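The values are calculated or read from the model by the stated rules, or taken from the named source; none is laboratory data. If you're wondering where the values come from, they're calculated on a predicted model, not measured in any experiment. Glycine also receives a Cβ, built like all others from the backbone with ideal geometry; neighbour counts cover every protein chain displayed. Surface accessibility is based on the protein's heavy atoms, side chains included, excluding ligands, DNA and RNA. Shrake-Rupley method; radii C 1.70, N 1.55, O 1.52, S 1.80 Å.
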Amino acid sequence: DFGNKFGQPLIAGSLLTFEHAEHARQLGFDKVIMLAGGVGSGISDQALKQTPQKGNKIVLLGGDNYRIGMGGAAVSSADTGAFDTGITLNAVQRSNPEMQKRVANTIRNLVESAQNPIVAIHDHGAGGHLNCFSELVEETGGRIDLDALPIGDPTLSAKEILGNESQERMGLIVAAEDIPLLQKIAERERAPMYVVGEVTGDMRFTAVSNAKGETPLDLGLADLFGSSPKTIMEDRTVDRRYEAVDYHPAQLQEYLEQVLRLEAVACKDWLTNKVDRCVSGLVAKQQCAGPLQLPLNNCGVMALGYDGQHGVATSIGHAPVSALIDAKAGSRNAIAEALTNIVWAPLEEGLKSVSLSANWMWPCRNEGEDARLYEAVKAVSDFCIELGINVPTGKDSLSMKQKYADGDVLAPGTVIISATGVCSDIRQVVEPVFQKEGGPVYYLNLSQDDFHLGGSSFAQVRNKIGAQGPDIKDARKLAEAFDALQALIKKGAVVAGHDIASGGLITTLLEMCFADNGLSAELDLSALEEPDSVKILFAENAGLVLQLKDEASAEALNRFPLPCHRIGTVTSGEQLRIKNGDEQHAFDIPKLRDAWYETSWLLDQKQTANGLADARYANYKKQPLRYNFPGHFSGKLPALQPDAPRPKAAILREKGSNSERELAHALYLAGFEVRDVHMTDLMSGKETLEDIQFLGAVGGFSNSDVLGSAKGWAGSFRYNDNARRALEQFFAREDVLSVGICNGCQLFMELGLIY
């Protein structure tokens, strides 16, 4: 029942969400935690698995078994092309987001119950049932009934049944007396549920088929989970040296246009136009910024509730070409980039709030690469210890080599660093857009290194890697500067900010002008004491550019841990003017913005039809976003009397729907008492809508991620008397309102209720 105004924590996608941060703390919330690929928060006493007891039931939620994901872990760790096509195809996983949603909704119901009946839970990843069920019973032992597992392909062997990785499935341990409750919830959410085994307490893991009279698996847990032999990797260090970057200073403008067109530097509009950017109602900071809504934001922020100010900030960083020159420096630069991206969100405890995930992609088992990987991993460890932050998780793909008949291609060893932290105020996130009414502009060299062109985008357009790249010289100073900037952001002293990464300082400065028309700056870089303007503009030393609110805010920079160089002011106009010693440079912002956007336009042409990409390219800078609210609009909700009667609203959803929670919250704020109605409630006759005055059919894909999925939803009404009668009687009344959103709108159209 949504009428309790979300008194308990909620799950939305991969996020456990709550309405009020303080209320959540009272419920037992502690820290935001990070898993590989997911960010969220949870109730502390539900964070750890309990010890299963003998007689507890082993439950599978999710779809059937198919010959999918067989040996996926092994194949993913082999060179591409090393196996024949059949083996590789069997190893590929197929996703089923609708099934995932059904299972997630079931688990959400249990998590939000007054008493969560789940003893232990485990996902089905690499290894399928073998991995999931064995880890669920690793402290006690258990028996799996192969005949109880759902089989979609009758030709599967016992090995394939136990080891496949098909569908989005979860394994649960639940007490026998809680099975009816789980069954009831799963049926309502249309989540397939199977009781497939039992906890035995005999310290063995067994899989039995009574129908076939077979026991294909019977292992002692000590044999299954005992210490495996240490892996010994032998390699030798290969001293690889790369040529220095050559260039002609007089061609700086030409080089700049080439750099801005590189896919790594260029506009990502072709990506952000692909999908919705604000699904769930909790997206507090998405990619696009400024009146022109260009994708420039450094970090993403998800609100932790619809009314509160707390959120979760995330960012990423990587430096693969820098790592070719020096694997250790590449790791440090990747971490620094993630930090310089997330620093613009005010974090609850500054740098202490940050946790990292390290995702490794490396062409191992090739001469010199294992040695480089060792150096890179050790550098991440040492650097994070110096910074005082942790790396609790990660993932690896250590076979980044493609085999061809005439030779092999190795990908450059890469670590992608994901950073996450609790954002204390989602309203204070700083964007990379200069403010015409703001104060002075400052540059901060966090690397504390000289300007080196190695590993840069500039080096790439010169067809070079470079002899030397920048590094981070002092981790402690970097940490202190991070927290000092956080303090300024929390005081509201910073009105614009951007990291320096792909494309160098000149790209950063231009991008801070791109998101608005008539926005420019007058800058002097002489204080940076680098006479070579190519180096100072294109080197990718970890650093920051920030604009302060006013002159008064500049006082705090006198006590900054690292030198903050005042480099100029923001102005109106169409030219970015930069001075460096005796050199003067003027950069045409509209022209360079088009060059920066051009790559996005060309890629967009390949994914859109009817000249839409061309129209977008011609108009993207001619249609600034402006809000024009009615004169009487105050932005404040009307006050509701506490004891005033609330009309009843129903949120209607099907098995693959989403967005039900933000619609429920909006209706609650508008004064309704809100009820959650699944199609199964209508079809069973449990819900009739007789007391409902507002019906909202929500968006999302009700029947898988396909166009026209609402046809299936409409069929649930057409071919079920209870559901059809309830809807017809609702729309026959004169005292009702309805809204159909996205898939819900298609539903009403399919049923002929709107035209």
- Do me a favour and compute the ellipsoid semi-axes for the stretch 690-738 from its Cα gyration tensor, root of five times each eigenvalue, largest one first, whole Å. 23, 14, 7
- Query: Over the chain, what is the percentage of antiparallel beta bridges among all DSSP beta bridges, to the nearest 5?
  - Reply: 75
- Message: Per 0.36 nm of contour for each residue apart, how much would the distance between residue 627 and residue 176 grow if the chain were fully extended, relative to their Cα-Cα spacing?
- Response: 156.7 nm
- Task: From the C-alpha gyration tensor of the stretch 580-703, pull out the three semi-axes of the equivalent ellipsoid (sqrt of 5λ each), sorted largest to smallest, in whole Å.
- Result: 49, 25, 12
- Using the Karplus equation 6.51 cos²θ - 1.76 cosθ + 1.60 (θ = phi - 60°), what ³J(HN,Hα) coupling, rounded to whole Hz, does each residue of the stretch 145-152 give in order, writing x for Gly and Pro? 8, 4, 5, 8, 6, x, 10, x
- Message: Ignoring everything except DSSP H segments at least 4 long, calculate the 222 nm mean residue ellipticity for the chain; use -39,500 (n - 2.57) per segment, divide by total residues, nearest 500.
- Response: -8500 deg cm²/dmol
- Message: Please report the antiparallel percentage of the DSSP beta bridges confined to the stretch 618-747, to the nearest 5.
- Response: 5
- Item | Mean shadow area of the stretch 648-755, taken as a quarter of the surface of its Cα convex hull (nm²) | 6.1
- Using only the alpha-carbon atoms of the chain, report the extent along each of the three principal axes, biggest first, to the nearest angstrom. 84, 73, 53
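For the stretch 500-549, report the accessible area per residue in Å² (1.4 Å probe, heavy atoms, rounded to an integer). Can you show the working numbers first?
On the way: 1090 Å² over 50 residues.
Result: 22 Å² per residue.
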- Rounded to one decimal in nm, the spacing of the 7 Å Cα→Cβ label points at residue 263 and residue 579 is 4.1
- Query: Nearest 0.05, what FRET efficiency do residue 437 and residue 89 give at R0 = 60 Å with Cβ-Cβ as r?
  - Reply: 0.50
- Between residue 755 and residue 184, what is the spin-label point distance in nm, taking each point 7 Å from the Cα along the Cα→C-beta axis? 4.5
- Query: Shape of the stretch 506-563 from its Cα gyration tensor (a ≥ b ≥ c, root eigenvalues): rounded if a/c is under 1.5, otherwise prolate when a/b > b/c, or oblate?
  - Reply: oblate
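Report the Stokes-Einstein translational diffusion coefficient (µm² s⁻¹, integer) for the stretch 395-529, Rh taken as the Kirkwood radius over Cα pairs, at 4 °C with viscosity 1.567 mPa s.
On the way: Rh = 18.4 Å.
Estimated diffusion coefficient is 70 µm²/s.
What is the calculated FRET efficiency for residue 614 to residue 233, with r their C-beta to C-beta distance and R₀ = 60 Å, to the nearest 0.05? Mind showing how you got there, number by number?
Numbers: r = 52 Å, r/R0 = 0.87.
The formula returns an efficiency of 0.70 here.
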- Can you spot the lysines whose alpha carbon is less than 18 Å from residue 477's alpha carbon? Ignore those fewer than 8 places along the same chain. 352
- Query: Each residue of the stretch 59-70 in order: what ³J(HN,Hα) in whole Hz does its phi give by Karplus 6.51 cos²θ - 1.76 cosθ + 1.60, θ = phi - 60°, with x for Gly and Pro?
  - Reply: 10, 10, 10, x, x, 6, 8, 9, 7, 10, x, 6
- Task: Note the angle between two axes, namely the Cα long axis of helix 327-342 and the longest principal axis of the Cα atoms of the chain, as a number of degrees from 0 to 90, rounded to the nearest 10.
- Result: 80
- Determine which residues of the stretch 701-725 fall in the zone a paramagnetic label at residue 745 would reach in this model, i.e. backbone nitrogen under 20 Å from the point 7 Å along Cα→Cβ. 701-715
- Which shape class, rounded, prolate or oblate, goes with the stretch 316-410 when its Cα gyration tensor gives a ≥ b ≥ c as root eigenvalues, a/c under 1.5 marks rounded, and past that a/b bigger than b/c marks prolate? prolate
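Run the numbers for residue 707 and residue 286: contour at 0.36 nm per residue of separation, minus the present Cα-Cα distance, in nm. If you can, show how the numbers build up before the last one.
Numbers: separation 421, 0.36 × 421 = 151.56 nm, distance 2.52 nm.
Length gained between residue 707 and residue 286: 149.0 nm.
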- Calculated Rg and Dmax of the stretch 233-305 using C-alpha coordinates, Å: 20.2, 55
- Item | Net lengthening on full extension, residue 67/residue 240 (0.36 nm per residue, minus Cα-Cα) | 57.9 nm
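Using 1/(1 + (r/R0)^6) with R0 = 56 angstrom and r between the beta carbons of residue 725 and residue 159, what's the FRET efficiency to the nearest 0.05?
Values: r = 50 Å, r/R0 = 0.89.
It comes to 0.65.
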- Message: Using only the alpha-carbon atoms, how far is helix 179-188 inclined from the longest principal axis of the chain? Give it as 0 to 90 degrees, nearest 10.
- Response: 70
- Return the long-range amide H neighbours of residue 433 (sequence gap of 5 or more, or a different chain), with a cut-off of under 5 Å between placed amide H atoms. 497
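Using Cα pairs closer than 8 Å and at least 6 residues apart in sequence, work out the relative contact order for the chain, in percent. Could the numbers behind the result be given before it?
Details: 1623 pairs, mean separation 96.1, N = 755.
In percent, rounded to a whole number, it is 13.
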- Note on the structure: Surpassing 19 Å at the alpha-carbon level, of the pairs 54/212; 268/621; 491/549; 268/403; 101/184, are 54/212; 268/403
- For the stretch 573-615, compute Rh as the Kirkwood radius over C-alpha pairs and then the Stokes-Einstein diffusion coefficient at 37 °C and 0.692 mPa s; write the answer in µm²/s, rounded to an integer. 263
- Query: What list of ³J(HN,Hα) couplings, whole Hz, do you get for the stretch 296-311 from phi and the Karplus terms 6.51, -1.76, 1.60, once you set θ to phi - 60° and write x for glycine and proline?
  - Reply: 10, 5, 7, 9, x, 9, 10, 5, 8, x, 6, 10, x, 10, 7, x
- Run the quick spin-label model on residue 737 and residue 646: label points 7 Å from Cα toward the beta carbon, then report their separation in nm to one decimal. 1.5
- Query: Which Rg and Dmax, in Å, describe the Cα atoms of the stretch 498-624?
  - Reply: 17.1, 57
- Message: Per residue, how large is the accessible surface of the stretch 187-319? Use a 1.4 angstrom probe and give square angstrom.
- Response: 54
- Report, in whole Å, the centroid distance computed from the Cα atoms of the stretch 369-421 and the stretch 492-554. 30
- Message: What do you get for trypsin sites (Lys or Arg not before Pro) in the stretch 687-755 restricted to DSSP loop and a cutoff of at most 14 other Cβ within 10 Å of the site's Cβ?
- Response: 733
- What is the diffusion coefficient of the stretch 473-545 in µm²/s, taking the Kirkwood radius over Cα pairs and the Stokes-Einstein relation at 4 °C with a viscosity of 1.567 mPa s? 93
- Message: Given axes a ≥ b ≥ c from the Cα gyration tensor, I'd like to know whether the stretch 118-256 is rounded (a/c under 1.5), prolate (a/b larger than b/c) or oblate.
- Response: prolate
- Message: Between 0 and 90 degrees, rounded to the nearest ten: what's the tilt of helix 589-605 against the longest Cα principal axis of the chain?
- Response: 30
- Item | Accessible surface of the chain [probe 1.4 Å, protein heavy atoms]: carbon and sulfur percent | 51
